[in-house]
Amino acid sequence: LTSVNMSGIAVGLKKGYITEQRPNDKVRPARMKGRLSKRVKLVRSLITEVAGMSPYEKRIRDIIVTGGTTAEKRAYKFAKNRLGTHKRANKKKEMIKDTWIRGAGRA
């Protein structure tokens, strides 16, 4: 731990209480929130493998499969309607597209 250049005086360039700087190598628990762990990833993949896609996911897949000039856009708009945000909709659309491509490559 290194001490920060503080003088202990309330005025001046180096004003403030003398403290020690937090170590930079540690990641605070709050920063870990929302990160995908191995276990959660495995469980989610297992559930989708066993249960299959939900009806709205099947519909997104059908929109992509049938194609057309605006298939990507229509799939995105449908997903955005169901999921609420731009980020979630794009992620879901890409996920379904990847699973469809993997399935097509397998057959």
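Side notes on the structure shown:
- Extreme residue, least open to solvent (accessible area, probe 1.4 Å), among residues of the stretch 85-107 that are outside any loop (DSSP other than H, G, I, E, B), β-branched (Val, Ile, Thr) and closer than 23 Å to Gly34 by Cβ: Ile96
- All positions within the stretch 23-47 that are assigned to a loop (DSSP other than H, G, I, E, B) and either open to solvent by 100 Å² or more (accessible area, probe 1.4 Å) or modelled with pLDDT of 90 or more (or both): Asn24, Asp25, Lys26, Arg28, Lys33, Arg35, Leu36, Ser37
Let's see how each residue does on (1) within 30 Å of Trp100 (Cβ to Cβ); (2) small (Gly, Ala, Ser); (3) in contact with a Phe, Trp or Tyr (Cβ under 6 Å, 6 or more places away or on another chain):
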{"site": "Met6", "(1), (2), (3)": "no, no, no"}
{"site": "Leu13", "(1), (2), (3)": "no, no, no"}
{"site": "Glu20", "(1), (2), (3)": "no, no, no"}
{"site": "Asn24", "(1), (2), (3)": "no, no, no"}
{"site": "Ala30", "(1), (2), (3)": "no, yes, no"}
{"site": "Lys33", "(1), (2), (3)": "no, no, no"}
{"site": "Met53", "(1), (2), (3)": "yes, no, no"}
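- Count - residues of the stretch 48-84 that are hydrophobic (A, V, I, L, M, F, W, C), surrounded by fewer than 13 Cβ atoms within 10 Å (Cβ to Cβ) and closer than 15 Å to Met95 by Cα: 0
- Members of the stretch 53-107 found to be within 18 Å of the chain's Cα centre (by Cα) and of a type in the set (Phe, Trp, Tyr), listed by number: Tyr76
The values are calculated or read from the model by the stated rules, or taken from the named source; none is laboratory data. Predicted, not measured: the structure shown is a model, and the values here were computed from it. All Cβ positions, glycine included, derive from the backbone under ideal geometry; neighbour counts span all protein chains shown. In case anyone asks, the SASA skips ligands and DNA or RNA and just uses the protein heavy atoms, side chains included. Shrake-Rupley method; radii C 1.70, N 1.55, O 1.52, S 1.80 Å.
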